[in-house]
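Asks: The following block contains the structure, expressed as structure tokens.
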Amino acid sequence: MSKFDFIAIGDITTDVFIRIKEAHVNCQIDRQNCQICMRFGDKIPYESATVVSAVGNSPNATVSATRLGLSSAVVTNIGEDEHGREDLATLKKNGVETSLVKVNPGKSSNYHYVLWYEDDRTILIKHEEFDYELPTFEPPRFIYLSSLGENSLPFHHTIAEYIKNHPETKLVFQPGTFQIKLGAETLKDIYAVTEIFFCNVEEARRIIDAPEDTVADLLSKVHELGPKIVVITDGPKGAYCFDGTTKLFMPIYPDPKPPLERTGAGDSFASTFTAMIALGKSVEEALTLAPINSMNVVQHVGAQAGLLTMEQIQDWLTKAPADYKAQII
């Protein structure tokens with residue numbers, strides 16, 4: 001059995017990007033608590049529909065890691081249907097090992113609808129209920145855990161126990177919606193064995209239940225839960241990192257043109273940071289290189305089309321402005 005650098009665990013889906021124009025967004029000050037609004041009970045025209053297979057936080061991360069030179073596989077579930085077969089074919093096309101993908105007869109594969117308006121999106125999601133189990137594999141260097149369905153709590157405990165029994169494997173945790181909803185206490189065994197943790201500012205405040213905390217405080221409090229390296233992103237404002245010793249801020253890499261669509265920006269950041277650590281880069285170097293992949297992903301439709309190779313990331317780095325560098329906070 002092959003030994004992988006990187007195994008991602010999480011749900012896989014097909015996204016259908018439905019581009020709409022006849023809508024508007026209502027927000028509070030500073031674009032907080034925004035709502036997309038359309039005429040109720042009407043027929044609303046759409047501009048286009050684009051189908052993107054084999055996506056989701058963990059599949060996106062696996063494709064990213066593969067493109068950056070790591071041997072990678074994904075642990076996920078699909079149904080025995082056309083969408084599942086297309087997911088498999090897409091993963092293979094991207095160089096991802098698929099032997100750990102479980103095909104579930106009689107089940108449907110996940111299928112999500114993405115309402116794409118201007119440069120952002122609202123996703124209608126439905127996680128099919130699968131029986132989650134950890135397949136047999138040689139302990140990889142990194143396990144990357146992200147979004148799973150609501151019946152997956154026991155599976156999280158299984159993963160935490162695996163990490164305890166295989167200290168040579170580092171756990172990376174990028175919680176999805178359900179995992180954030182569960183809270184840090186319920187998943188304390190996962191947090192306790194996490195090497196690298198990723199979330200955005202709003203998610204960190206929900207996890208810690210500290211709506212008024214500064215990012216610097218959030219970094220410390222998440223670190224106290226167990227993760228050795230904590231990374232908190234803040235959209236166009238940049239990203240923050242704490243390795244237990246130094247807190248860093250990293251600005252975004254300047255967009256070469258306005259973003260087309262923002263799906264996958266967080267996944268590309270987290271997976272690139274992880275890949276750089278796996279490739280022997282320092283925390284500061286990883287924090288510098290990760291935003292470049294995010295910058296390019298938002299120039300494309302979907303989470304994977306814009307993922308870069310290592311050579312391409314290094315090329316973009318040579319073009320960075322002088323103030324594109326990590327700062328101690």
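The values are calculated or read from the model by the stated rules, or taken from the named source; none is laboratory data. Values in this document were obtained by computation on a predicted structure and should not be read as measured data. Here the Cβ positions follow ideal geometry from the backbone for every residue, glycine too, while neighbour counts run over all protein chains shown. Side chains are part of the model used for accessible areas, which takes the heavy atoms of the whole protein and leaves out ligands, DNA and RNA. Shrake-Rupley method; radii C 1.70, N 1.55, O 1.52, S 1.80 Å.
Asks: Under a 10 Å cutoff between Cα atoms, tell me which one of Gly280, Gly238, Gly41 has the largest fluctuation in the Gaussian network model of the chain.
Replies: Result for the chain, Cα springs under 10 Å: Gly41 fluctuates most.
Asks: A further question follows. Stokes-Einstein diffusion coefficient for segment 10-90 at 37 °C in a medium of 0.692 mPa s, Rh from the Kirkwood formula over Cα pairs: what value in µm²/s?
Replies: 210
Asks: Given the protein chains as shown and a 1.4 Å probe, how many square angstrom of Val51 are accessible, to the nearest 10?
Replies: For Val51, solvent-accessible area is about 90 Å².
Asks: Another question, if that's okay. With Cβ to Cβ distances under 13 Å as the rule, what net charge do the other residues near Gly95 carry (K, R +1; D, E -1)?
Replies: Value of the local net charge: +1.
Asks: Loop only by DSSP, 11 or fewer other Cβ within 10 Å of the Cβ. Give me the chymotrypsin sites (Phe, Trp or Tyr not before Pro) in segment 7-51 that pass, ordered by residue number.
Replies: Phe40
Asks: In percent, how large is the relative contact order of segment 160-291, given Cα pairs closer than 8 Å and 6 or more residues apart?
Replies: 17
Asks: May I pose another question? Excluding Tyr132 itself, calculate the net charge of residues whose Cβ lies under 10 Å from the Cβ of Tyr132, where each Lys or Arg counts +1 and each Asp or Glu counts -1.
Replies: Counting the neighbours of Tyr132, the net charge comes to -3.
Asks: Right, here's the next one. Of the residues Pro175, Pro251, Pro135, which exhibits the maximal mean-square fluctuation in a Gaussian network model of the chain defined by a 10 Å Cα contact cut-off?
Replies: Pro135
Asks: Hey, if we sort Tyr111, Tyr240, Tyr253 by accessible area with the 1.4 Å probe, largest down, what's the order? Spell out each step's value before the answer.
Replies: Values: Tyr111 60, Tyr240 40, Tyr253 10 Å².
The ordering from most to least exposed comes out as Tyr111, Tyr240, Tyr253.
Asks: A follow-up question, please. Sort the following peptides by mean Cβ neighbour count (other Cβ atoms within 10 Å, averaged over residues), highest first: 97-105, 68-76, 296-304.
Replies: My ranking of the peptides, most packed first, is 68-76, 296-304, 97-105.
Asks: With a cut-off of 8 Å between alpha carbons and a minimum separation of six or more residues, what is the relative contact order of the chain in percent?
Replies: In percent, rounded to a whole number, it is 16.
Asks: Ranked from the most accessible area to the least, with a 1.4 Å probe and all protein chains present, what is the order of Phe242, Phe6? Mind dumping the intermediate values first?
Replies: Working: Phe242 25, Phe6 0 Å².
From most exposed to least exposed: Phe242, Phe6.
Asks: Given that just one value was derived from the coordinates, which of [x] 0.94; [y] 1.00; [z] 1.26 is Rg/Rh (Cα atoms, Kirkwood Rh)?
Replies: [x]
Asks: If you roll a 1.4 Å probe over the chain with all protein chains in place, what percent of the accessible area is carbon or sulfur?
Replies: That share works out to 50 percent.
Asks: Further question on the same structure: When DSSP assigns beta bridges and you keep just the ones with both residues in the chain, what percent turn out antiparallel, to the nearest 5?
Replies: 45
Asks: Compute the accessible area per residue over the chain, keeping the other protein chains in place, probe 1.4 Å, unit Å².
Replies: Here the per-residue accessible area is 46 Å².
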